[in-house]
Structure formats: structure tokens, C-alpha cells
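Input: a single structure, listed below in C-alpha cells.
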Amino acid sequence: MSDSSLLNVLVVGSGGREHALVKKCLQSPLTGKVIAAPGNGGMASEAECFDVSVEEIEGIVALAQAQGIGLVVVGPEVPLSLGLVDALVAVGIPAYGPNAAGAQLESSKAFCKDFFAKHNIPTAAYGNFTEIAPALAYLEEHPAPIVIKASGLAAGKGVIMAETQNEAIAAVKDMLEGDAFGNSGKEIVIEETLYGEEASIHVIASGKDFVCLPPSQDHKRAGEGDTGLNTGGMGAYTPTSRVTPAMQAEIEEKVIKPTLAGLKADGIDYRGTLYAGLMLTDQGVKVLEYNVRFGD
């Protein structure tokens, strides 16, 4: 293949996830040069790194144009929610990742839960709140154990699994009245506690077409024996035998296909990673949340 037909790739981000993406792009016979922004010290030995923050949307677009980039692979959720893909597509540069409308599945848990309800996708019963009085009234009707989530982006840490009513009330007040998660916690989701094993499916989506990667499981809780605070993930392994072939078929039919059909019906052309956090309950598979990028 001639150099002129090779694809120059920009990977956006600075973590281990982006380093893995850089490595895979470098291994492809389709790629010419691979660069990263902002990258990190580990990546710098393999790909040229440019000191442009993931939040500098105009700066990333300008970098892609100046470097003759034919594909931008967006790693983290923040630039996706800020509309990086929209800005790149507007100047004719293809990008891997959803547009800002699609990124709302992660950037707003309230949007995501309402999307589940609208399109009959199995999930926990819930309520969305921006004011303290109705939130506390909901807790009276739905006592602990219960889950309190900051609606906005909180780097995987805006989830409180309240075992007692006092913990639940404190979490609601910390988010809505205090500043526990900043602006991310100014709207919250309160939802029923689901019981079972958690699993994740990464889906590569291109409009209505998709491919599922092997199911994985995170090590979530900070303490030994699955105890303590919920974290953004303390490592993961794949595949997991907990997701049987029959369960995989159920996930595709009841979760993935209705999600992509629902996005299309809502006028959102979804392209990129759809990362489903699932709970394998006795009542079947239920969706905890969506991320719109690869796990980090």
C-alpha cells in the first residue's frame, strides 16, 4: 500500500486506554503515522505526542488538520460530551466516538435513565431530582438499601450505595445541598438496588450495525470481599463465564438492539463504543448505565 493511501491517526487522551489504542493503531497495516494528544511519557516512545488538552476542542481540530489526520480516535468521555466528534465531522475529519447527542448517555445519567424508560430497556426503577424535598420524599417511599448517583460525569465515582436510610439522606444532601460532586451532582438519580453479578459488554456500533466484544467483569468495590466504596473500576478481566451464550443473546435482543433502534428513532446517529454496565439478576439482565467509550 502506498504511503498516500495510508491513514494518519490521532488518538485523543492520556491514559492506559489511549496507550492501548495507540499500540493497536500502530499494528494496523492501514495506518501511516499515529500521534496522540496530549499522550503521556509511555506513549511518547512509540508515537509523537502533542500538548493539547482533551478539553481544547478547537485545538484538537486544528492539530488534526495541521497533521493531515484521516481518523481521530477519541478515548475519554469528556471531549465526547463537549462535542469533539461534531467539530471534527464539521471540517470533514472522520472520528471514532459518538457525537455530543449520543454522549449524553454517559454525561447525564438522568438522560440515560429516561432513555431506558422511553424505549423499554430493562433497568432499575428510579427517579431524577434537582431539588432536595422531592428527593427526600422519594426516599421515604423507597427506603434503603438504595443507590444515589450524581447525574453528571464524575469519573466513575459519583455512585453511593446506601445501606441505611441515614446514609441515603446524607448522600442526597451532600450532592444537592453540598458540593460532593460539584456540578455533576446538581441533578441526581435515585434507583432501586439490584442484586446479582455485574458484567460489562463493549459494543462497537455503526448506526444500526454492531459487534459485541467478549463480556468482562470489573473489580468494583475498594475493600476485600466485595466491600467498601464503589470505585471507577479496580481492574477487569475478560471473558467471564457468568455471561452464557443464552445470556449474550438476551443482552443483544433486549438491550443492544433496542438501544441502537431507540437512538435512531430519537435522531441520534450513534457511532463508536457503547459500553453497557449490566446486572445479571434473577429477573434477567438489567442495564445499570452506559458509557460511551472504552473502559479506562
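The values are calculated or read from the model by the stated rules, or taken from the named source; none is laboratory data. This is a predicted model, so every value here is computed, not measured. When we count neighbours, we look across all protein chains shown, and the Cβ atoms used for this are built from the backbone with ideal geometry, even at glycine. Accessible surface is based on the protein model in full, side chains and every heavy atom, while ligands, DNA and RNA are left aside. Shrake-Rupley method; radii C 1.70, N 1.55, O 1.52, S 1.80 Å.
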With the structure loaded, tell me whether ALA246 is open to solvent by 60 Å² or more (accessible area, probe 1.4 Å) and more than 20 Å from the chain's Cα centre (by Cα) or whether it fails that test. yes
Any residue in the range 7-18 that is in contact with a Gly (Cβ under 6 Å, 6 or more places away or on another chain) and assigned to a helix (DSSP H, G or I)? yes
Restricting attention to helices (runs of 4 or more DSSP H) lying wholly within the range 98-175, give those where 3 or more residues are closer than 29 Å to ILE251 by Cβ. 100-107, 109-118
In the range 192-208, anything within 18 Å of ASN291 (Cα to Cα) and in a strand (DSSP E or B) is listed as GLU198, ALA199, SER200, ILE201, HIS202, VAL203, ILE204, ALA205, SER206
Restricted to the range 66-87 and to residues being in a strand (DSSP E or B) and either open to solvent by less than 40 Å² (accessible area, probe 1.4 Å) or out of contact with any Pro (no Cβ under 6 Å at 6 or more places or on another chain) (or both), the residue nearest to SER107 (Cα to Cα) is VAL74
Give the range 8-65 a look and list any residue that's farther than 20 Å from GLY92 by Cα, hydroxyl-bearing (Ser, Thr, Tyr) and surrounded by fewer than 18 Cβ atoms within 10 Å (Cβ to Cβ), or say none. SER28, SER45, SER53
Only one of VAL34, VAL22 is closer than 18 Å to ALA64 by Cα and in a helix (DSSP H, G or I); which? VAL22
Here is a check on your reading of the model: is GLU46 in a helix (DSSP H, G or I) and acidic (Asp, Glu)? no
ILE160 fails exactly one of the following numbered conditions: (1) surrounded by fewer than 19 Cβ atoms within 10 Å (Cβ to Cβ); (2) touching a strand residue (DSSP E or B) at 6+ places or on another chain (Cβ under 6 Å). What is the number of that condition? (1)
